[in-house]
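See below for the structure under consideration.
Rule-based calculations on the coordinates, nothing more; no lab input. What you are looking at is a predicted structure, and each value in this text was computed from that prediction instead of being measured. Glycine gets a Cβ as well: all are built from the backbone with ideal geometry, and neighbour counts include every protein chain shown.
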Amino acid sequence: MTAPLFERAAFLGFGLIGSSLARVMRRGGLVAEIAVCARRAETLDAATRQGLADRTTTDPADAVGDADLVLVCTPLGAYGQVIQAAAPGLMQGTIVTDVGSTKQSAIADLKPHLPDGAHLVPGHPVAGTEHSGPEAGFAELFEGRYTILTPEPGTDPAATDAVAELWRRAGSKVEIMAPDHHDQVLAITSHLPHLIAYTIVDTAVQLSDDLQKEVIQFSASGYRDFTRIAASDPVMWRDIFINNREAVLDILGRFTEDLTAMQRHIRRGDGQALEQVFTRTRAVRRGVIDMKQDKPDTPPEGNRGT
Ligand code: NAP
């Protein structure tokens, strides 16, 4: 244990991400006191039961009073309402950060409600699971994963450093990025793949009952991986698509063009064109593993059915 990085932290929202970060803080003694705010008694009881909250409340202004670090960890759609309710309690000099998956919308929702002298350091841990709620959290969630911070120019460097240090103590690699660039990158690496998974799984759901049974039965042949992604939290993902509309629509346009090209290759029986694409994509998988963003494939590629 080292000296705490912060005196008092206040979590606004305490699900998978918030509770995982609170576990990191407790484990490392990174903060002297933790206040937790959520709407439901079950959420607050779980925070207390797990020894993660020194104080719980349903009132955001009460949670942030005296806090030198405020962490907004609700779904994106609740940001405006939560920060507006918290604003009367925010101290001068408080660092306000968040964990939301889209960053331009986070800044637009949070910034107008902060008092002069508060520091906004938006953040996004690029780590997660398809599970939600405080019981789903674990301290190792962020280890080896990237956390992207998107402070606006002019933000106090000491505030950015303090938030970066918190994520480093969680085992994350920290990157600083412009918020619009973050939203473009995540549209392709995260938002589009989720949209495709939701759509493929739903296409199968719309098929006749008999075929659906077989889709589940033979799911090892590719569909299974999509079902895991498509089981992600509906509210969280609703908010991501609404809040990153422009970047997602842009990348979806490009994807649709590429899909149409693939359709043409198949119709024309152009095996060479298909093989070229598949060879390029196989190299991407090797790059992901080399950068330690996934475990090496086991069983070996090609042994998972077709
Ligand atoms: P989660 O597990 O569903 O938790 C959300 C929390 O927010 C719950 O504690 C919920 O408790 C609380 N909440 C919801 N609406 C609220 C409101 N209006 N006022 C106060 N509290 C409210 O969500 P999560 O997965 O931790 O995601 C939180 C944020 O992290 C999201 O913005 C998401 O974009 C981002 N993120 C998620 C992942 C991921 O894989 N899950 C990864 C990276 C970033 P009550 O219902 O009791 O209020």
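Distances longer than 18 Å among the Cα atoms of region 181-296: what percent of all pairs is that? Intermediate values should be presented prior to the final figure.
On the way: 4384 of 6670 pairs.
So the portion of pairs separated by more than 18 Å is 66 percent.
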- Row for region 149-206, column shape: gyration tensor on C-alpha, a ≥ b ≥ c, rounded if a/c < 1.5 i.e. under 1.5, prolate if a/b over b/c, else oblate; value prolate
- Message: Restricted to Cα positions, what overall size does region 6-177 have along the principal axes? Three whole-Å values, descending.
- Response: 40, 36, 29
- Task: Sort out for me the Cα centre separation of region 1-79 from region 143-193, rounded to whole Å.
- Result: 20 Å
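Can you give the translational diffusion coefficient of region 42-102 in µm²/s, computed by Stokes-Einstein from the Kirkwood radius over Cα pairs at 25 °C and 0.890 mPa s? If you can, show how the numbers build up before the last one.
Numbers: Rh = 12.4 Å.
This corresponds to a translational diffusion coefficient of 198 µm²/s.
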- Give me the Kirkwood hydrodynamic radius of region 99-177 in Å, from all C-alpha pairs, to one decimal place? 13.5 Å
- Message: Using the Kirkwood formula on the Cα atoms of region 132-240, what hydrodynamic radius do you get, in angstrom to one decimal?
- Response: 16.9 Å
- Note on the structure: Under the 7 Å Cα-to-Cβ spin-label approximation, Ala32 and Thr58 lie apart by a distance in nanometres of 3.1 nm
- Query: So what's the angle, to the nearest 10 degrees on a 0 to 90 scale, between helix 192-206 and the longest Cα principal axis of the chain?
  - Reply: 60 degrees
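If N is the number of residues in the chain, what value comes out of its Cα radius of gyration divided by 2.2 N^0.38 Å?
Working: Rg = 21.4 Å, N = 306, 2.2 N^0.38 = 19.4 Å.
So the chain has a normalised radius of gyration of 1.11.
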- Message: Whole-Hz ³J(HN,Hα) for each residue in region 261-272, computed from phi via Karplus 6.51 cos²θ - 1.76 cosθ + 1.60 with θ = phi - 60°, x for glycine and proline: what do you get?
- Response: 5, 5, 4, 5, 4, 5, 4, 7, x, 7, x, 5
- Considering amide H positions built from the backbone, and no H for Pro or chain starts, which residues 5 or more places from Gly29, or on another chain, come under 5 Å of its amide H? none
- Item | Crossing angle, helix 157-169 versus the chain [Cα axis fit, 0-90 degrees, rounded to tens] | 60 degrees
- Item | Angle in degrees between helix 16-28 and the longest Cα principal axis of the chain, rounded to the nearest 10 | 50 degrees
- Query: Given H placed on each backbone N at 1.01 Å, which residues far from Arg55 in sequence or on other chains put an amide H within less than 5 Å of it?
  - Reply: Ile34, Val36
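I'd like the Kirkwood hydrodynamic radius of region 2-88, using the inverse of the mean 1/r over distinct C-alpha pairs, in Å. All intermediate terms of the calculation are to be shown ahead of the outcome.
Working: mean 1/r = 0.0794 Å⁻¹.
By the Kirkwood definition, the hydrodynamic radius is 12.6 Å.
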- Note on the structure: Amide H neighbours of Ile95 at under 5 Å, excluding residues fewer than 5 places away on the same chain, with H built from the backbone geometry, are Leu69, Val70, His119
- Going highest first, how would you order 251-260, 48-57 by mean Cβ packing within 10 Å? 48-57, 251-260
